[in-house]
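Only one structure is covered here, and it is reproduced in the block below.
The values are calculated or read from the model by the stated rules, or taken from the named source; none is laboratory data. For clarity, every value in this text was computed on a predicted model and none was experimentally measured. Cβ placement follows ideal geometry from the backbone for every residue including glycine, while neighbour counts extend to all protein chains displayed.
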Amino acid sequence: MDGLDLKQMAAMVKVIAEEKELPEETVIDVIETAIAAAWRRDNGDKDMDVRAELDLKTGEAKVFVTREVIEAGLAYNPATEIPADEAPKGKKVGDTVEEEYTVTSFGRVASQTAKQVVIQRLREAERDAVLANFEDKIGTVVNGVVTRVEPKLVRLEVGRASGIMPKSEQIDGEYYSVGSRIKVMIKEIERNERGAQLILSRGSAEFIEYLFRQEVPELENGTVEIKAIAREAGKRTKIAVTSSVPGVDPVGTFVGGRGVRVQAVMNEIGEHEKIDIVNWSDNISEFVREALSPAEITKVEADDKEKKAKVFVTEDQQSIAIGKQGQNVRLASKLTGYELDIELTKAPEKKKKKNVEDSLLSALEETEEDAE
């Protein structure tokens, strides 16, 4: 096709809009952008500020080129500027001048440019329209199909949309294969100069919270509450929970009978990731003790102003409190919001036993003396 048939394009607006499930205004805007690009290719310069208006009834288009009025006698760029002495009457320096052109067809090269713009812009508009449907689904978990696995990200199809799961949002050590169906959280819609895309996650703390909400109905009616979550995906998660109803054990509620609830969550994220569920407390010393479990804590000295706490443990509990590669204390710090410093304290001497022994020895000595 040597030329671009504007009348045909004008007649096709409604059909394209219905097929792509886009507003007619969006399709018209795409075509007008393509017309401007084609006209610029045939008649002008890439720097030109060009816009187009398509008449759907006649199939004709008008093109408007905008240039800024500059002082006469200066060097200027004719694509974007016009000297004051050449500008229409009444225009002064700093004003803009709009020149109008009527077009009905384009050459072969310009037509190809226009077609490429239409195809690209329609794809972008269609993708943006699809993504707009996910605005109210941010924070929810959906099923996705893995379409491609790359070193730094995994690409997935989620319904009609596609998204990416960056390395930072993956579960460490988890294997993803093309064609497999997995649950992912819609974390956000990222928009930049290249367009918009879904950011998906399995490694976030929010993903864990969502999974527990599916298993613990008491969360919905407010009987129990998740106060904080600290997670290192694929390794360990700590969750602080509380209850608003006297007599309800929040930890037991999350664990479930025979551990069925916590096990259901672990089945989704993998057995390698351990989950610690602890009691939350507004008393920071008590909360720190809980957060550092299974370590036994001797004493906690908290500085609320600096959000720091010294945690004293006996030598046999030090490695447990710190955890493998510092994992336990690191997660406890994230959970409590306090910087935790583990310090050693001496084990208390068993004075009571020693005193009894001393008393017995003294009594024996006194008996011997009396016998003499």
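Take the residues in region 258-284 that are part of a helix (DSSP H, G or I) and touching a residue at least 60 places away in the same chain (Cβ under 8 Å); name whichever of them is nearest to the chain's Cα centre (by Cα). This residue is Ile269. Tyr76 meets all of the listed conditions (1) of a type in the set (Phe, Trp, Tyr); (2) under 30 Å from Ile186 (Cβ atoms); (3) free of Cβ contacts under 8 Å to residues at least 12 places away in the same chain but one, namely (2).
Mind listing whichever residues of region 42-55 are among the hydrophobic types (A, V, I, L, M, F, W, C) and touching an Asp or Glu at 6+ places or on another chain (Cβ under 9 Å)?
Result: Ala52, Leu54.
Val97 fulfils the conditions (1) closer than 19 Å to Asp47 by Cα; (2) modelled with pLDDT under 90 except for a single criterion, (2).
Restricting attention to region 263-289, which residues are surrounded by 20 or more Cβ atoms within 10 Å (Cβ to Cβ) and either at pLDDT below 95 or of a type outside the set (Lys, Arg) (or both)?
Residues of region 263-289 surrounded by 20 or more Cβ atoms within 10 Å (Cβ to Cβ): 265, 269, 273, 276-278, 280, 287-289.
Selection gives Val265, Ile269, Glu273, Asp276, Ile277, Val278, Trp280, Phe287, Val288.
Filtered by the rule that a residue be among the hydroxyl-bearing types (Ser, Thr, Tyr) and under 45 Å from the mean Cα position of the chain (by Cα), region 65-118 gives Thr66, Thr80, Thr96, Ser111, Thr113.
Residue-level check: of (1) in a strand (DSSP E or B); (2) within 24 Å of Gln112 (Cα to Cα); (3) free of Cβ contacts under 8 Å to residues at least 40 places away in the same chain, Ile82 misses just (2). Of all residues in region 157-203, those satisfying the criterion of being within 10 Å of the chain's Cα centre (by Cα) and of a type in the set (Asp, Glu) are Glu169, Glu188, Glu190. Residues in region 94-113 that are surrounded by 13 or more Cβ atoms within 10 Å (Cβ to Cβ) and either out of contact with any strand residue (DSSP E or B) (no Cβ under 7 Å at 6 or more places or on another chain) or farther than 20 Å from Ala52 by Cα (or both): Asp95, Thr104, Ser105, Phe106, Gly107, Ala110, Ser111, Gln112, Thr113.
Output yes when any residue across region 177-196 is in contact (Cβ under 8 Å) with a residue 12 or more places away in the chain, assigned by TED's automatic domain parsing to the domain that holds Asn143, buried (at least 17 other Cβ atoms within 10 Å of the Cβ) and under 16 Å from Thr237 (Cα atoms), and no when none is. Checked region 177-196: no residue is in contact (Cβ under 8 Å) with a residue 12 or more places away in the chain, assigned by TED's automatic domain parsing to the domain that holds Asn143, buried (at least 17 other Cβ atoms within 10 Å of the Cβ) and under 16 Å from Thr237 (Cα atoms).
Please indicate, with yes or no, whether at least one residue in region 306-324 is outside any helix (DSSP H, G or I), within 30 Å of Ile182 (Cα to Cα) and assigned by TED's automatic domain parsing to the domain that holds Lys238. Within region 306-324 (the criterion being outside any helix (DSSP H, G or I), within 30 Å of Ile182 (Cα to Cα) and assigned by TED's automatic domain parsing to the domain that holds Lys238), the answer is no, since none of the residues qualifies.
Against the test of being among the basic types (Lys, Arg), surrounded by fewer than 14 Cβ atoms within 10 Å (Cβ to Cβ) and not in a strand (DSSP E or B), the options Arg148, Arg127, Arg40, Arg123 yield a single qualifying residue, Arg123.
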